[in-house]
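**Student:** My questions all concern the structure below.
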Amino acid sequence: RCQYLLSYFLAMAGAFQSFAEVNRTVGALAYSPNGEYLVAAGTEMSRDVWSGEMTVFSTAPFSKNSVPSDTGVADLAWVDDTTFASASDDGQVLLMSASELKVLDHVPAHTKSCTRVVVDKPGSAELMASCGADRRCVVYNLKTQDEVLVAVHSEAVTDAAFFGESSVATSSLDGTVKIWDSRTSDSKFREAVGRLWFPTGVKSLALVGEKLVVATDGALTSYDPRSLGDSLATLPSASPLTVRAAGDATVLLHELNPNLTFVEMGATSFKRKKRAFPDSTELPTAALTAFSLSPDGHVAIAGKGDVSLWRLD
């Protein structure tokens, strides 16, 4: 069963109260790989200008640290246990220290808003991919601080996933998923080594075990990313928004309802297991806008000014 648990470090300090006071929506949540930090990024628009705020909660002992942001933050990813990356509306990716909430590096990756940031190995990342409205996915080597690949689509890039030793998959609103070799070459601009076509834009994708799961209007579909042949399994879904890995054979699916469901993935089928919270749950104000799965089985969910935690039993 799924039992409601409002963590003491959120409840005791009136956590996320600042988001509610300034009418900010929590647009991104991310647990650190060791579970010691939870980062929340909130955004608001005033006079057609985006502004934001990032808050880091430390779980042991409890502490809360916030810093304003000149732009909205669309996504977060952990590079290691104390450093995270934030995708900004101004096209930059910021590498930030969780303990001090200060900027360690700026990566000017995109000419338009950056909407997604992922790393190859959370906790010990070497490569980072950022997706933007400028139709590009930029793969950045965190050690050498160089761009090693610029993957180009014909419309906005929505997501990316690393797999194997050097491959990365990218999805786009142009209705394609492309596979790229991220190994350093003479040019960072090069042709995709494989692709899939869909009748509608691809909203999200995730590597789950050794399978690539793709979310489009109407369905979740899994593929072998090494061959991109026929689909392995399909799950009808009227309104999938985001799909994230929750284990080697489990997907966490966010749908428009709003709904957040664990889906078990077999060799040739998907099976809905359970919701991340009971049907009778009063969800955060407005729609569910962000979620993050912790290493020890919590799911953090957020809406407009609200964050709650759920423990999966």
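The values are calculated or read from the model by the stated rules, or taken from the named source; none is laboratory data. Every value quoted in this text rests on a predicted model; they were computed, and no experiment measured them. Positions of Cβ are generated from backbone atoms using ideal geometry, with glycine treated the same way; all protein chains shown enter the neighbour counts. Protein only, heavy atoms only, side chains kept; ligands, DNA and RNA dropped before computing areas. Shrake-Rupley method; radii C 1.70, N 1.55, O 1.52, S 1.80 Å.
**Student:** Go through Lys102/Lys143; Lys112/Lys203; Lys188/Lys211; Lys121/Lys143 and tell me which ones have a Cα-Cα distance over 21 Å in this structure.
**Tutor:** With Cα atoms farther than 21 Å apart: Lys188/Lys211.
**Student:** GluC sites (Glu not before Pro), restricted to region 128-175: which are DSSP loop and have at most 15 other Cβ atoms within 10 Å?
**Tutor:** Sites meeting the loop and neighbour criteria: Glu155, Glu165.
**Student:** Solvent-accessible area of Leu101, probe 1.4 Å, all protein chains present, reported in Å² to the nearest ten, please.
**Tutor:** Counting only protein heavy atoms, Leu101 exposes about 10 Å² to solvent.
**Student:** Sticking with the crude label model, points 7 Å out along Cα→Cβ, report the distance from Thr144 to Glu191 in nm, one decimal please.
**Tutor:** It is 2.4 nm.
**Student:** Fully extended, how many nm does the chain gain between Lys121 and Glu165 (0.36 nm per residue separation, minus their Cα-Cα distance)?
**Tutor:** 14.7 nm
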